[in-house]
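As structure tokens, the structure follows; a few thoughts come after it.
The values are calculated or read from the model by the stated rules, or taken from the named source; none is laboratory data. Since we're looking at a predicted model, the values are computed, not measured. The accessibility values were calculated without ligands, DNA or RNA, using every heavy atom of the protein model including side chains. Shrake-Rupley method; radii C 1.70, N 1.55, O 1.52, S 1.80 Å.
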Amino acid sequence: MNYGEALFSLTVDLQSYFRKNIKINGASYPQILALAVIPDDGIEMSSLSKCLGLDTSTVTRLVIGLEKKGWVKRKKSSKDNRVIMVFISELGEEIKTQLEKRIDTLGLSVEKEIEYFQRSDLLELLWSTHWAISKLLLKK
């Protein structure tokens, strides 16, 4: 099995695992992902689009849906009126905290499946893989 096959299999399994185990009433999986990646100090719509790997028009619809739920707020950037920033609202912070707890719980359940002496090595390899992929994304 090569890297491409392994990464693809991991992606499919992780997505399935998260979709089945992380549900928030009335939120789609892409909305949950968006909420999870929006930093505390906000993010530009274009950056959110890149982060999620989605078209800007798709992210706009996604953010409008989150805004209707009261989970995020959009504001024009104070530096450039053409730039729209997305911020998590107070209600969104509560939802995000619940989400982070669920993600931690999923991580613990996976950790229990890994042999004790392999856990730190595997975690280090996962972070290395994440870093390698992040560098590839930055190059594009």
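Using just the C-alpha positions of segment 10-74 as equal point scatterers, what log10 of I(q)/I(0) does the Debye formula give at each q in 0.14, 0.15, 0.26 1/Å? The Cα Debye sum returns log10 ratios of -0.41, -0.47, -1.22. Among Ile88, Ile38, Ile24, which one shows the highest mean-square fluctuation when the chain is modelled as a Gaussian network with alpha-carbon springs under 10 Å? Result for the chain, Cα springs under 10 Å: Ile24 fluctuates most. Couplings 3J(HN,Hα) of segment 13-29, computed from phi: 5, 5, 4, 4, 4, 5, 4, 6, 10, 10, 10, 10, 3, x, 10, 7, 4 Hz, in residue order, whole Hz [Karplus 6.51 cos²θ - 1.76 cosθ + 1.60, θ = phi - 60°; x for Gly and Pro].
Each Cα pair under 8 Å and six or more residues apart adds its separation to the average, and for segment 1-110 the resulting relative contact order is 25 percent. Remark: segment 81-93, residue by residue, has Karplus-estimated 3J(HN,Hα) of 4, 6, 8, 9, 9, 10, 10, 7, 7, 4, 4, x, 4 Hz, where x stands for each Gly or Pro and the curve is 6.51 cos²θ - 1.76 cosθ + 1.60 at θ = phi - 60°.
Springs between Cα atoms under 10 Å define the GNM used for the chain, and in it the highest mean-square fluctuation of Gly70, Gly26, Gly92 occurs at Gly26.
Pairs with C-alpha atoms separated by more than 27 Å, drawn from the list Lys69/Lys140; Lys76/Lys96; Lys76/Lys101; Lys73/Lys140, are Lys69/Lys140; Lys76/Lys101; Lys73/Lys140. Just Asp41, Asp104, Asp121 to compare: in a GNM of the chain, with alpha carbon springs under 10 Å, which one fluctuates most? Highest fluctuation among the options: Asp121. Solvent-accessible area of Arg102, all protein chains in place: 90 Å² (probe radius 1.4 Å, heavy atoms, ligands and nucleic acids excluded). Excluding same-chain neighbours fewer than eight residues apart, the lysines reachable from Lys135 by a Cα-Cα span under 22 Å are Lys50. Close amide H pairs (under 5 Å, H built 1.01 Å from N) link Val72 with Glu67, Ser89, residues at least 5 positions away or on another chain.
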